[in-house]
Amino acid sequence: MAHAEAAAHEGQEHPIGIYLQVWFYLFVLSTFSYLVDFYNIEGVLRWFLILFFMVLKAGLIMAIFMHLWWEAASLIYACLLPLLTVAWLIFLMVSQSDYTFFTRVFMFALGG
């Protein structure tokens, strides 16, 4: 039985080059994230770029270092669908907060 398990895990090692490439990409993305602060980018563009680089880095880490790239689709869905659901709910909350804010501003401006 132990020999069968060893044979099943025998092609599971990945070349070190993949990990070195991912480390390089993480370094490049972190550099871009740092440059956003260095060049004093402000406003919505700043937050978009920071979140964009953060999501790319998290995706690389999940895909390679957590071995999701080589896993079955069911495990990938089990990890990614909750994250996408939370992201969708955050989007809905943000859009609702804008509606509530502008409704209050409008009502207070009318004095009613």
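Read-outs: derived from the displayed coordinates by stated rules, not from any lab. As the structure is a prediction and not an experimental result, all values here were calculated from the model. Positions of Cβ are backbone-derived with ideal geometry, glycine not excepted, and every protein chain shown enters the neighbour counts.
Taking only DSSP H segments of four or more residues, each worth -39500 (n - 2.57), what value at 222 nm results for the chain once the sum is divided by all its residues, to the nearest 500 deg cm²/dmol?
Details: 4 runs with 85 residues, N = 112.
The helix contribution divided over the chain gives -26500 deg cm²/dmol.
If R0 equals 30 Å, the separation of the Cβ atoms of GLU42 and LEU110 corresponds to a calculated FRET efficiency of about 0.35. Taking the charge dipole of the chain about its Cα centre, with +1 at Lys and Arg Cβ atoms and -1 at Asp and Glu Cβ atoms, the residue from MET107, MET93, TYR39 reaching farthest to the positive side is MET107. The charge dipole of the chain, taken about the Cα centre with unit charges on the Cβ atoms of Lys, Arg (+1) and Asp, Glu (-1), comes to about 480 debye, rounded to the nearest 20.
Percent of Cα pairs in the chain per distance bin of 10 Å, from zero to the largest separation: 11, 24, 27, 19, 10, 6, 2, 1.
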